[in-house]
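Q: Please see the structure below; I have some questions.
The values are calculated or read from the model by the stated rules, or taken from the named source; none is laboratory data. Quick caveat, the model's predicted, so the values are computed rather than measured. Positions of Cβ are backbone-derived with ideal geometry, glycine not excepted, and every protein chain shown enters the neighbour counts.
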Amino acid sequence: MRLRFTAGLLVTAAFAGLAAAGDDAKKYDIDWHDRWEAKQILTVAFKESIDSETTLAGKSMNKRHQALDAVYVVRCEKAGAGGEAATQTVFVRSWKAVDDAATDESLEGAVVMLRDGEWKLRQEMPLSELATIWIDDTFGTTRVDDPLESLAPKQLTVGQPWKPAPKAVAEAYAKGMGGVSVDVAAATMELVLESAEGTPPNATGQCSFKAHVPILGAPNLPSNAVILPGSGANFSGTRTGPLTKATMLRHLHVEKDVTVHVERTVQQGVQKFTNKTKGSQDWSAVAGGEIPAPAKPPEGK
């Protein structure tokens, strides 16, 4: 199973008016691109849960529950001129994936060495296919950046909604949607800075946002099947933490709701399937953490 999950945020717009009253027209700089420094260390706690169900003519055909719970420590060994992490060491302190009744903990205790999108284990250990996919999706060649990094404006005023262009929204979210084709003209998003405090560049705040991305097609769809109108993905949630500096030290909560309607023509007539997926994700990082030192070779070797 692939637990890749694109970000979106829980909307708290009901409080926008109250927040704006205290911070009327003050603008806050926004820059959510991660910028590392050499030897900087973070500890990340990550949780994800996904429930999906496929129905045929309204009758349930199958259900699936997936979950992942991980804590890992990341140390930047070398940073590039733009703050990108050129080399990193990651210690996976705990890692547990659940797929219905099956449990996978094969990545727990691993130390992963990262360099320019490539990775290797410091000490060889057997990994499941899911563990390998998770490393690739989180640190490696298939990693997808948080859509907020590219969609957030340079400045926000507390309580004032920001609505990016539909094409930009569609392109940012589609990168993490497994190859589906989306309607670039009909995608929508609203981002609100609900509250902020402190003085730039050390200001912190909470943002809420919601996005809708209509789905038009999917990879590997049989030639006798089409995706029907009304299919789409909804994302909502909150992002809390620094607005421009040390933005890795954030908490991100995401809710995802995807519905895909498929019509398939067979000899017996037309079949209509619906797949609904609901998921939630929490990603939280704090400064500091410990990574075990490499094991010493046996004496005499």
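Q: If I filter the stretch 97-126 down to residues being within 28 Å of G237 (Cα to Cα) and touching a residue at least 60 places away in the same chain (Cβ under 8 Å), which single residue comes out as surrounded by the fewest Cβ atoms within 10 Å (Cβ to Cβ)?
A: Among those residues, the one meeting the criterion is D99.
Q: If I go through the stretch 59-91 residue by residue, how many of them are touching a residue at least 12 places away in the same chain (Cβ under 8 Å), in a loop (DSSP other than H, G, I, E, B) and at negative phi?
A: 2
Q: Of all residues in the stretch 241-259, how many are at pLDDT 95 or above and either surrounded by fewer than 18 Cβ atoms within 10 Å (Cβ to Cβ) or closer than 29 Å to R64 by Cα (or both)?
A: 9
Q: Report, by residue number, each residue of the stretch 166-206 that is touching a His at 6+ places or on another chain (Cβ under 9 Å), over 24 Å from H251 (Cα atoms) and either surrounded by fewer than 17 Cβ atoms within 10 Å (Cβ to Cβ) or at pLDDT below 95 (or both).
A: A186
Q: Please go through the stretch 207-221 and pick out each residue that is surrounded by 17 or more Cβ atoms within 10 Å (Cβ to Cβ) and in contact (Cβ under 8 Å) with a residue 40 or more places away in the chain.
A: C207, S208, F209, K210, A211, V213, I215, A218
Q: Right, next: So is I291 modelled with pLDDT of 95 or more and over 30 Å from G109 (Cβ atoms) or not?
A: No.
Q: L114: in a strand (DSSP E or B) and not polar (S, T, N, Q), yes or no?
A: Yes, satisfied.
Q: Another question, then. Somewhere in the stretch 21-37, is a residue hydrophobic (A, V, I, L, M, F, W, C), buried (at least 18 other Cβ atoms within 10 Å of the Cβ) and assigned to a strand (DSSP E or B)?
A: No, the conditions are met nowhere in the stretch 21-37.
Q: So, one more: Among the residues of the stretch 127-165, how many are assigned to a helix (DSSP H, G or I), surrounded by fewer than 16 Cβ atoms within 10 Å (Cβ to Cβ) and hydroxyl-bearing (S, T, Y)?
A: Of the residues in that region, 2 qualify.
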